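These notes concern the structure reproduced below.
The values are calculated or read from the model by the stated rules, or taken from the named source; none is laboratory data. None of the values given here were measured: they were computed from a predicted structure. Virtual Cβ from ideal backbone geometry, glycine too; neighbours counted across all protein chains shown.
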Amino acid sequence: MSNLLKTELYKLFHSWYFWGIGIFNLLLSSILLLDSKERSSNLIMASLYNIPLLYFLSIVFIALFIGSDFSGRTLNTYITAGHKRSSIFRVKLIVSQIGCIIILVFPLFVHGIISQFYIGEKLFWNDSTYTMVLLTLFAMITLCALPMFFAFIFRDMGKTLTVSMVLFFVMIFLLNSESAQIISRIIPMGQLRLISLQKVYSTNFCLFVDLLWNFILYFIAGSAFLHTDLK
Amino acid sequence: MSSIILEAKSLTKEYKQTLALDHINLQIKKGKIYGFIGQNGAGKTTFLRLVTGLAFPTSGTLSLWGNSGTEELQKQRKRIGSMIETPALFPSMTAYQNMEVQRIQRGIPDKSVIKRTLDMVGLQDTGKKSVRNFSLGMRQRLGIAIALLNTPELLILDEPINGLDPAGIVEIRNLLKILNKEYGMTILVSSHILEELYQTASEFILIDHGKIIEEISDYELNERCKRHIAIKTTDVQKTVLVLEENLHTDNFKLMPDGIIRLYDYLNDLETVASALAESHILVTGLSVSSDTLEDYFLSKIGGTKDVKSPKN
């Protein structure tokens, strides 16, 4: 499994789209700050507020990182080399999550530095800050689980991208609907919005919902991958 | 120690409405080059996909080096190098980076193996050129290089010479022979280009409609592709009758293209000609010739569809 992990990390850091999407995300997030800054208490929260909108870039990344492995049959080489399917699945999830989190967190990190050292906003590291970081991380992991689920179900770049993007727009639509209050608690995209506005209803509930989403999505995706014939 | 590397017992693969493999029984022995021959959809690739773990059998057992069972098969697959259908490559990476990915995942510590293998397939000078700019032949060579990276004991190549130019075909043929001779590598090659297989393989496995129709060595094949009189007439039925009743032989074969192959009277062409003439049969062709692997395969499956001639 360690060889697989090293291989996937090598692939991740040698892929043009990982760096390209990361930089594009930073640029787009910085532009969106012009709007979100007014709605949030500081630059980090403003940057966090934009994550749900920039989530589509994670979808593109996952479609390329996992979907192209299926359509190019490069994932097959792990199986033909004698690796366990369960190990392949686990490693693919871990590295995809790492890639996704880096892409999503990169603007937060850059904007955080700017806010601390250039604007002079102070972020106090207390229990609630740690809770916020934990919630943000879980919500991001859960957000990224959705395109990963479709990538393992469809095993195709195009379908993964299309279906995930449709759901992305549906979620955006729902978060702007009348029932946004309720929906934002049960979908990770909404949770991120609540975190950025510091209106989290219940930390435990959010974590429970995220864990439940992860369990359901990964269980189905894993079961499908373990027992399916590959092209 | 057993010389059997791969053994399939009643191996069956069924898709929704198709029986891709129908109770295949097969043994692959160490140190030989096997040619896997079959039409499109005969079940060649399905069989190779089962061996390499990409697909699961519906029933039957598969063993590698005497080991069966999911866990054991996975372990044994580390001893296999394969290229199934198209080469699995990362288009945005260079040949070296593609090899590096495979080196890391196989846990090969020696980096110099990449250069050696690229040299072997003639891709040493590709530099920073990304694979997306490679020709079909270069991609094929890189696919073969990846399959060879771990110096496998069993090398499985599915249509390896697709897209290669004539010089490339000769190079790969020679490479396979060297690998077999010098490293004792067992090789299983499937191809449509039967003439190419004929020059490479020492054993032939003929598959049709998911069933193994014959396993034959090159020696046996040469025996069976023996000389014969090829008779072409305007009335096949009457010719068959003349052969049986006038020439008292049933040692002939009617081919799908209407030509009759007579394996008797090889040194007495005149007797055959006069017997046909006396029966007022118009003979349009009469000559002594011998079979090629392609002819032999066609005679076995009884059809001509989908099999490409190297001359075409």
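Details
- Within segment A:182-231, the set of residues being surrounded by fewer than 16 Cβ atoms within 10 Å (Cβ to Cβ), more than 30 Å from B:Ala55 (Cβ to Cβ) and of a type in the set (Gly, Ala, Ser) comprises just one member, A:Ser202.
- Selection from segment B:84-127 of residues that are assigned to a loop (DSSP other than H, G, I, E, B), under 24 Å from A:Tyr17 (Cβ atoms) and within 13 Å of chain A (Cβ to nearest Cβ): B:Thr86, B:Pro87, B:Ala88, B:Leu89, B:Phe90, B:Pro91, B:Ser92, B:Met93
- All positions within segment A:48-67 that are modelled with pLDDT of 90 or more and not hydrophobic (A, V, I, L, M, F, W, C): A:Ser58, A:Gly67
- All positions within segment B:1-21 that are of a type in the set (S, T, N, Q) and buried (at least 18 other Cβ atoms within 10 Å of the Cβ): none
- A:Phe65 vs. criteria assigned to a helix (DSSP H, G or I), within 14 Å of chain B (Cβ to nearest Cβ), over 30 Å from A:Tyr201 (Cβ atoms) and in contact with a Lys or Arg (Cβ under 7 Å, 6 or more places away or on another chain): no
- Among the candidates B:Phe47, B:Phe56, residue that is closer than 27 Å to B:Gly184 by Cβ, modelled with pLDDT of 90 or more, in the same structural domain as B:Ser217 (by the TED database) and of a type in the set (Phe, Trp, Tyr): B:Phe47
- Cβ separations smaller than 6 Å between residues 6+ apart or across chains give the following pairs from segment B:132-143 residues that are under 22 Å from A:Ser15 (Cα atoms) to residues that are at pLDDT 90 or above and assigned to a helix (DSSP H, G or I): B:Leu142/B:Ala95.
- Filtered residue count, segment B:143-175, keeping only those that are part of a helix (DSSP H, G or I), more than 22 Å from B:Tyr96 (Cα to Cα) and either aliphatic (A, V, I, L, M) or modelled with pLDDT of 90 or more (or both): 3
- Scanning segment A:115-135 for residues that are under 17 Å from A:Gln97 (Cα atoms) and surrounded by fewer than 20 Cβ atoms within 10 Å (Cβ to Cβ) gives A:Val133, A:Leu134.
- Within segment B:234-288, tally of residues that are more than 21 Å from B:Ser299 (Cβ to Cβ), in a helix (DSSP H, G or I) and among the hydroxyl-bearing types (Ser, Thr, Tyr): 2
- Considering (1) assigned to a helix (DSSP H, G or I); (2) within 14 Å of chain B (Cβ to nearest Cβ); (3) among the β-branched types (Val, Ile, Thr), the lone condition that A:Thr74 does not fulfil carries the number (1).
- Verdict on A:Ile94 being within 14 Å of another protein chain (Cβ to nearest Cβ) and out of contact with any strand residue (DSSP E or B) (no Cβ under 8 Å at 6 or more places or on another chain): no
- Considering only residues in segment B:122-153 that are surrounded by 15 or more Cβ atoms within 10 Å (Cβ to Cβ) and more than 27 Å from the chain's Cα centre (by Cα), the one that is farthest from A:Gly82 (Cα to Cα) turns out to be B:Thr126.
- Hits in segment B:219-231 - residues which are touching a helix residue (DSSP H, G or I) at 6+ places or on another chain (Cβ under 9 Å) and assigned to a strand (DSSP E or B): B:Ile229, B:Ile231
- Taken together, B:Ile216, B:Ile205 contain a single residue that is within 25 Å of B:Ser10 (Cα to Cα), assigned to a strand (DSSP E or B) and over 11 Å from the mean Cα position of the chain (by Cα), which is B:Ile216.
- Scanning segment A:120-129 finds no residues that are in contact (Cβ under 8 Å) with a residue 24 or more places away in the chain and part of a helix (DSSP H, G or I).
- Test: residue in segment A:35-58 that is more than 14 Å from chain B (Cβ to nearest Cβ), assigned to a helix (DSSP H, G or I), under 20 Å from the mean Cα position of the chain (by Cα) and of a type in the set (Lys, Arg): no
- Restricting attention to segment B:22-77, the residues that are part of a loop (DSSP other than H, G, I, E, B), within 14 Å of chain A (Cβ to nearest Cβ) and surrounded by fewer than 17 Cβ atoms within 10 Å (Cβ to Cβ) total 3.
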